[in-house]
Amino acid sequence: MAPHHRLPRMAVSYGRTRILRLTVLACIACTTLVMIMQIGRAWSRGRDGHRHHLLQGPSPGWKTTEEGLVPVKSREELGREMLEYVRGLPGLQGEVAVLSKRVRVVESKERAVGEGKIRRVGRGFLEGHGFARVDLTPPAAGEGRSDNGDTLKPETRLPVPGVVEVPVDVPRDDIGDPGEVLFGIASDYERVSRDDFGLVRDWARFLTNHSAERERKEKRRSNGAGLLLVLSKATESEVMEVKARLWQAGIDGTVFVVEQREGKDSDRYKGGVYAQLFQRLLMSRFGKGEVGAGKTRRWFAVVDEKVFIPNLRNLVWEMDTRFEDGGEWFVGLPTEKEDWADDENGKQITYGGGAIVMSPSALDTVGQLMCFQAGGKGGNDEVKADSNWGKTLYKCLEQERYLKMQVLVGGGGYFPGEGSQGQRMSGRPLVLRADKDPFKFSAKGHLVSNVCGEECYLQRFLFADNWALINGHSITAYPRRIEVQMSSQKMTQQKGFQNKSGGGEVADKIAVHSTSSVGEGQKIAWRGGKTKTWRLVSAEVRDDGKEVWQAYVNEKGIGSKEEEKSDVDSVIVLVWEF
């Protein structure tokens, strides 16, 4: 039979029942296919909507975290929490003007801003929210609410803070290795244990890694830098307690007590506090120390207990790029006017300002100074932890071995000028003195780096309404007519050194260097009118490390001749969000 006649016979051979079954199966298959297509369209629309939601940000009452969208505090809860925070600030009571802001960090990958330059913010600092006067007197029991639960007195909570976004540099971990540095610090148990071991918390800011994400997930860890702590007065139990505190803070460090000289035969650690500290540093250099055994150090730093380093990576980078490896380098890091003095020829000289950094070969030279050891001028028992050890060490170097001091002046550091006039360098500082104005709260101010990185601390932001923020330091309201000018300060070239600052008054026996930010900074200038400044008094980490709260205060009746004096205390609370 012809091929075209076979198909009808095959179809008929199935019978009516089989054809009906095939028809039903085909309908079911088509229906299933349609349903699958509809589900796919719905899923696609939902995915696009979720993406749009992420781009627009979470809805009010929610915020995005690693765990997804999570609820945040209600307006009432946040307002009451802020009021309690303000009530706990020192020196504030009665009627106070309060302004609160939530600061959201927007990371910027372009780094053209420079160390000494100002970040501009397109919105005004006061935009949408101003100061509110509140009474900090705690309400009596039963006061504050009506029968239906409405708030009766504004003092029961603060206004909900406004939101402002600021651009910050992406944190960098590709410059400077903190592990290159071994620190030596001298103190005593009474000072170290004061304020629940506040000094240990301060040291941890530059001796450990810290970030909001890390502190939520794991114990704080050392960044590689080591610490040798010598105590002039401590019992065995006190030494163990300090060691435990260092370990809890994540610091790779050890503690030892100054050995008292007893008779002529006691010569293991001759000399005073700092003589023994330098001997311990030498032992660590040759692998005999208790800190970072087997680790090669490029720099050995001896600093006062109140010296604070805001960005250790940056300091190491400045040292590495300026002083070649293998050289004999003895570097001082002065910051204040008091760190400079007249020498015998009337020239300006510094002995390091309580912060000396040495290369390994320079440490070897210091270790051989007889005048700094037993029986010498620098080695007697009068060399206490709070004495001028830098001057003693420098005089010993002059007496026994000439080693020229290199002086590195960073942003904010003082440098002598013509006559009695000096100048402060632009940019961010290399070191700070936490026991002197204006950086008494430097460690507290540095907490903001948990949220936005170390580059964010002391970064300057200028808002559209002429308000300026130095993060972790102060907030200033300027008159309407202001302009940003390039700083005319220029002390040295970025490479090499020169000892001229206008009148050339710096002694030839020291070589002065500047950091890369000097001469590149900007400053705010204004004509007419007075400024008003709020200074940092408190900061703390909250919300499981996701937020840092800062409080800036302007006290009534206090201000310089260029500052406006207020008739009421006022406080600005900034909540930095991770």
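The values are calculated or read from the model by the stated rules, or taken from the named source; none is laboratory data. Since the structure is predicted, the reported quantities are computational estimates derived from the model, not experimental observations. Here the Cβ positions follow ideal geometry from the backbone for every residue, glycine too, while neighbour counts run over all protein chains shown. When the accessible area is computed, the model is the full protein with side chains, heavy atoms only, and any ligands, DNA or RNA have been set aside. Shrake-Rupley method; radii C 1.70, N 1.55, O 1.52, S 1.80 Å.
Some notes on this structure:
- Every condition in (1) at pLDDT 90 or above; (2) under 16 Å from ALA186 (Cα atoms); (3) among the polar types (S, T, N, Q) is met by ASN388 except one, and the failing one is (1).
- Any hit, segment 105-115, residues being at pLDDT below 65, surrounded by 16 or more Cβ atoms within 10 Å (Cβ to Cβ) and not in a strand (DSSP E or B): yes
- Of the residues examined, ARG123 is one that is touching a strand residue (DSSP E or B) at 6+ places or on another chain (Cβ under 7 Å), surrounded by fewer than 20 Cβ atoms within 10 Å (Cβ to Cβ) and modelled with pLDDT of 70 or more.
- Residue in segment 422-445 that is over 18 Å from the mean Cα position of the chain (by Cα), surrounded by 19 or more Cβ atoms within 10 Å (Cβ to Cβ) and modelled with pLDDT of 75 or more present: no
- Counted residues, segment 311-332 - those being open to solvent by 10 Å² or more (accessible area, probe 1.4 Å), part of a loop (DSSP other than H, G, I, E, B) and touching a residue at least 60 places away in the same chain (Cβ under 8 Å): 3
- Residues that are farther than 20 Å from GLY224 by Cα and of a type in the set (Ser, Thr, Tyr), drawn from segment 236-260: SER237
- Qualifying residue in segment 234-250 (condition: open to solvent by less than 70 Å² (accessible area, probe 1.4 Å), at pLDDT below 90, over 17 Å from ASP304 (Cα atoms) and not polar (S, T, N, Q)): yes
- The set of residues in segment 128-141 being exposed (fewer than 15 other Cβ atoms within 10 Å of the Cβ), modelled with pLDDT of 80 or more and assigned to a loop (DSSP other than H, G, I, E, B) consists of GLY130 alone.
- Only one of the numbered conditions (1) in contact with a strand residue (DSSP E or B) (Cβ under 6 Å, 6 or more places away or on another chain); (2) modelled with pLDDT of 75 or more; (3) crowded, with 19+ Cβ neighbours inside 10 Å is not met by GLU165, and that is (3).
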